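The values are calculated or read from the model by the stated rules, or taken from the named source; none is laboratory data. The structure displayed is predicted, hence computed values, not measured ones. All Cβ positions, even for glycine, are placed from backbone atoms using ideal geometry, and neighbour counts span all protein chains on display.
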Amino acid sequence: MKNFNSKILFIALGFLITLNVCIGQLELPYNSSLVYGTITNPAHSEKDSAIQIVFLNKDQWNGVVRAPKSQLISASIPISNLSKIGTNIFRNTAGVSQRFSLDLFYNYNLIINESSLKFGILASFQQEKKDFTDDDILLTDPIELDPTIAEGIINYTSFNSGVGMHYENEYFDFGLSFPRLLANRLGLFGSENVSNNTPIFTYVNVYSRLRGGFVLRNRLNLQFDSNQYSLFQYFLGFNYRNQLNTGVQLNSQITNGFKIQSLDFLISLAIHKNFSLGLSYSVPLSAIRQVTPGSFEVFLSYLIPFE
């Protein structure tokens with residue numbers, strides 16, 4: 001009886017994941033993009049005068065079997081006082097799917113009085129694998145039902161490109177990016193070529209200086225992906241002398257109407273002048289809270305001074 005109940009629970013959780021991932025996200029909603037915007041915008045760079053190396057790990061829906069997970073290794077290198085090159089290497093897994101993405105980007109900075117206007121371009125290679133050879137994954141055997149799945153494994157590959165811009169001054173910054181311009185992009189969770197719409201990432205930050213070195217930060221973020229997965233996020237937090245970032249974010253899905261997904265708590269601390277550690281925890285507010293306490297994300301950044 002105990003084994004039977006465990007099996008039913010496993011099937012229910014797997015079905016719940018399937019319902020959620022059929023929407024098909026372009027990328028996981030990384031909370032660390034609050035402090036490292038290059039994840040979604042090739043024009044964004046935080047440390048123009050240093051080599052920056054970043055590692056990120058995100059576990060979404062902790063405790064749910066085969067829930068989405070993601071890892072990122074990123075590096076950006078100045079090639080002049082006004083330009084940088086870099087790479088983002090993603091690994092995303094969920095259910096039967098595993099995706100590898102390699103992004104190469106270049107951005108150039110125009111100094112306008114005391115403001116900065118950056119433009120970025122992106123080239124991306126994606127490889128997707130769906131492995132149906134595990135008997136515990138699905139209720140039916142897809143290898144028998146679909147003759148196109150010869151060996152139980154399907155592979156997809158895709159090349160894409162993108163562009164972005166980022167404007168910044170003392171009081172606010174604004175960004176806009178189109179990270180997947182071509183129609184042959186892949187969905188996050190194993191869908192082959194998705195609809196040929198172009199996803200849009202846009203954000204605006206407003207800064208208000210307070211006493212004692214504190215800065216109040218308000219941020220609006222929109223990830224719009226027609227017929228796929230769209231997000232609207234609002235972040236309220238504080239920055240202290242560029243050594244501490246902390247705050248809370250309301251995360252909502254707007255794919256099929258406005259639905260609140262989670263409340264995200266973030267803290268990023270400069271442990272050393274060249275080393276930062278960031279942690280984020282998302283408390284679910286949607287139906288998924290019945291099977292998971294939340295999602296966890298860790299972010300590491302290391303700077304190498306560049307002369």
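Of everything in segment 157-204 that is of a type in the set (D, E, K, R) and assigned to a loop (DSSP other than H, G, I, E, B), the residue that is modelled with the highest pLDDT is GLU170.
Which of the residues spanning segment 273-307 are assigned to a strand (DSSP E or B) and either on the phi > 0 side of the Ramachandran plot or of a type in the set (Phe, Trp, Tyr) (or both)?
Within segment 273-307, PHE275, TYR281, PHE296, PHE299, TYR302 meet the criteria.
The residues on offer are LYS47, LYS58, and the sole one that is surrounded by fewer than 19 Cβ atoms within 10 Å (Cβ to Cβ) and touching a strand residue (DSSP E or B) at 6+ places or on another chain (Cβ under 9 Å) is LYS47.
One residue stands out in segment 251-267 among those that are touching a Ser or Thr at 6+ places or on another chain (Cβ under 6 Å) and polar (S, T, N, Q): the one that is farthest from PRO305 (Cα to Cα), namely THR255. Taking (1) buried (at least 22 other Cβ atoms within 10 Å of the Cβ); (2) under 25 Å from PHE119 (Cβ atoms); (3) over 13 Å from the mean Cα position of the chain (by Cα) in turn, LEU34 satisfies each apart from (3). Residues of segment 64-96 that are of a type in the set (A, V, I, L, M, F, W, C), in a loop (DSSP other than H, G, I, E, B) and touching a residue at least 40 places away in the same chain (Cβ under 8 Å): VAL64, VAL65, ALA67, VAL96. Looking only at segment 97-117, count every residue that is assigned to a strand (DSSP E or B) and without any contact (Cβ under 8 Å) to a residue 40 or more places away in the chain and tell me the total. Number satisfying all stated conditions: 9. I'm checking my understanding of the structure. Among residues of segment 223-272 that are surrounded by 14 or more Cβ atoms within 10 Å (Cβ to Cβ) and not in a strand (DSSP E or B), which one is farthest from the chain's Cα centre (by Cα)? The extreme case among them is ILE254.
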